[in-house]
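Below: the structure, in structure tokens.
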Amino acid sequence: QVQLVESGGGLVQPGGSLRLSCVASGSPFSITTMGWYRQAPGKQRELVARISSIGTTNYADSVKGRFTISRDNAKNAVFLQMNGLKPEDTAVYSCMVKTIGSDYWGQGTQVTVSS
């Protein structure tokens with residue numbers, strides 16, 4: 001059974017930075033795409049960023065230039081460096097790992113941007 005463990009969320013002031021981490025355990029087979037999604041209260045879950053197995057990245061327009069996604073294939077880990085955080089970035093952030101045949105989701109970590 002594959003499990004995703006996230007860390008790095010918290011409370012930060014506007015303009016601050018956070019780094020989210022997600023590690024997949026349980027010997028996930030053939031991970032392809034890894035990504036981060038977020039869901040704010042009363043809103044639908046949205047893609048924040050994703051990265052392919054060869055490092056191709058995609059970002060939501062709202063985070064381009066501020067967030068950077070990266071991965072460590074040897075550790076089955078994906079990271080999200082978030083700089084220049086804004087109050088509208090407040091949400092529960094969840095990582096997603098796609099393998100051949102299955103998608104896996106983390107439990108989510110709260111990010112709150114407030115003064």
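The values are calculated or read from the model by the stated rules, or taken from the named source; none is laboratory data. Remember, predicted model here, so these are calculated numbers, not experimental data. Positions of Cβ are generated from backbone atoms using ideal geometry, with glycine treated the same way; all protein chains shown enter the neighbour counts. All accessible areas refer to the heavy atoms of the entire protein, side chains included, with ligands and DNA or RNA removed. Shrake-Rupley method; radii C 1.70, N 1.55, O 1.52, S 1.80 Å.
General remarks:
- Under 23 Å from LYS43, Cα to Cα: lysines that are on another chain or at least 8 residues apart: LYS64, LYS86
- Electrostatic dipole magnitude of the chain [Cβ: Lys, Arg +1; Asp, Glu -1; Cα centre; debye, to 20]: 100
- Calculated FRET value between SER62 and THR32, using beta carbons and R₀ = 22 Å, to 0.05: 0.35
- Residue-count net charge about SER62 - beta-carbon cut-off 13 Å; Lys, Arg +1, Asp, Glu -1: +1
- Build a GNM of the chain with springs between Cα atoms under 10 Å apart, and of GLY101, GLY84, GLY35 the one that fluctuates most is GLY101.
- Solvent-accessible area per residue, Å², over segment 41-102 with all protein chains present [probe radius 1.4 Å]: 54
- Largest GNM mean-square fluctuation across ASN83, ASN73, ASN58, computed for the chain with C-alpha springs under 10 Å, falls on ASN73.
- Taking all Cα pairs closer than 8 Å and separated by 6 or more residues, the relative contact order of the chain comes to 37 percent.
- For LYS98, the aspartates and glutamates whose Cα comes closer than 18 Å to its Cα, not counting residues fewer than 8 places off in the same chain, are GLU6, GLU46, ASP72.
- Ranked from largest to smallest solvent-accessible area, with a 1.4 Å probe on the protein heavy atoms, PHE79, PHE29, PHE67 come out as PHE29, PHE79, PHE67.
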